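One structure below.
The values are calculated or read from the model by the stated rules, or taken from the named source; none is laboratory data. Everything quoted here is computed from the prediction, not taken from an experiment. Reconstructed Cβ throughout: ideal geometry from the backbone, glycine too, with neighbour counts over all protein chains shown. These accessible areas exclude ligands, DNA and RNA; they are computed on the full protein's heavy atoms, side chains included. Shrake-Rupley method; radii C 1.70, N 1.55, O 1.52, S 1.80 Å.
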Amino acid sequence: EQAVNTDPAYAPAYYALYDYYKNRDVNKARSYLESYVANADKDCKASFFYADYLFRAGKYQESLDKAKQLQNGDCSNYIRINVLLAYDYDRLGDSVNAKMHMEQFMAKEDTNKILASDYEFFGNILAKFSNRSNEAAGYFMKAVYKDTAVDKKISYLNSIASLYRKNENYTALLNVVKASYGI
């Protein structure tokens, strides 16, 4: 906030404030996002953040429409659009399209740039398909290796255990329980 007070046109400070508030106070985040967009270069990143804001505000169809517009326009190479599309489709109840967009994201993105939350989200989507539970468990495991927070690792392992319990794969369930003791 001091940076904004010092230089009201300094876009990175507005983005930092938006990033801080996006999961805490959507309305406050919106004002910072609008200031960021007004002061930042007009590029895919700024447009993506607006579509992301729409998702966080619960306007899933509007977010989906904006993300499709970006994907079909000058921002077609902005890889994270696939993640936003997947989240929108998932919230709108379309697991098939959500899965398709996450598959595209995973295939195109550098593994060093994939977040633990991306692996977790894809695991949750795959878990909705009965024939993809082992693959879902694999993505949860990738999240375990990627994340550094112990509570998150335990959460991912619990998701794997839940999958194996549901599928009555008790040998794999036992291995997950054993692995959780090593965290």
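Computed from Cα positions, the angle between helix 11-21 and the longest principal axis of the chain comes to roughly 40 degrees. Rounded to the nearest 20 debye, the dipole size of the chain about its Cα centre is 560 debye, using +1 on the Cβ of Lys and Arg and -1 on the Cβ of Asp and Glu. Labels on offer are (1) 59, 35, 28; (2) 56, 41, 30; (3) 98, 33, 29, and the one holding Cα extents along the principal axes in Å computed from this structure is (1).
On the principal axes of its alpha carbon atoms, the stretch 66-114 extends 28, 24, 12 Å, with the longest extent given first. Quick one: longest stretch of the chain between exposed loop trypsin sites (Lys or Arg not before Pro), exposed meaning at most 14 other C-beta atoms within 10 Å and loop per DSSP? Counting only loop sites that pass the neighbour cut-off, the longest clear stretch is 43-127. Phi angles of the stretch 141-147 translate, via the Karplus equation with coefficients 6.51, -1.76, 1.60 and θ = phi - 60°, into HN-Hα couplings of 5, 4, 5, 4, 5, 7, 7 Hz per residue; Gly and Pro are given as x. The lysines whose alpha-carbon is closer than 23 Å to the alpha-carbon of K142, local same-chain residues fewer than 8 away aside, are K99, K108, K113, K128, K152, K153, K166, K178.
Suppose all protein chains stay in the model; what accessible area per residue would a 1.4 Å probe give for the chain, in Å²?
Numbers: 10280 Å² over 183 residues.
For the chain, the solvent-accessible area averages 56 Å² per residue.
Measuring nothing but protein heavy atoms, the accessible surface of the stretch 13-107 at 1.4 Å probe radius is 43 percent carbon and sulfur. Distance from the alpha carbon centroid of the stretch 102-166 to that of the stretch 19-53 works out to 27 angstrom. Residues in the stretch 126-139 carry Karplus couplings, in order, of 4, 5, 6, 10, 4, 8, 10, 5, 5, 5, 4, 4, x, 6 Hz; the curve used is 6.51 cos²θ - 1.76 cosθ + 1.60 with θ = phi - 60°, and Gly or Pro positions show x. Exposed loop sites here are GluC sites (Glu not before Pro) assigned a DSSP state other than H, G, I, E or B and surrounded by at most 10 other beta carbons within 10 Å; excluding them, the longest clear run of the chain is 2-167. Averaging the sequence gap over all C-alpha pairs within less than 8 Å and six or more residues apart, then dividing by the number of residues, gives the chain a relative contact order of 10 percent. Starting from the Cα gyration tensor of the stretch 1-94, take the square roots of the eigenvalues, sort them a ≥ b ≥ c, and report rounded, prolate or oblate (rounded when a/c is under 1.5, otherwise prolate if a/b is larger than b/c, else oblate). Oblate, since a/c reaches 1.5 and b/c is not below a/b. Comparing mean-square fluctuations of Y21, Y36, Y53 from a GNM of the chain with C-alpha springs under 10 Å, the top value falls on Y21.
Remark on the stretch 89-183: ratio of C-alpha radius of gyration to 2.2 N^0.38 Å is 1.07.
Given the DSSP H assignment, sum -39500 (n - 2.57) over each helix run of at least 4 residues in the chain and divide by its residue total; what's the result at 222 nm in deg cm²/dmol, nearest 500?
Numbers: 11 runs with 133 residues, N = 183.
Counting only the DSSP helices, I get -22500 deg cm²/dmol.
Placing unit charges on the Cβ atoms of the charged side chains and taking the dipole of the chain about its Cα centre, the candidate lying farthest along the positive direction among Y156, S180, Y15 is S180.
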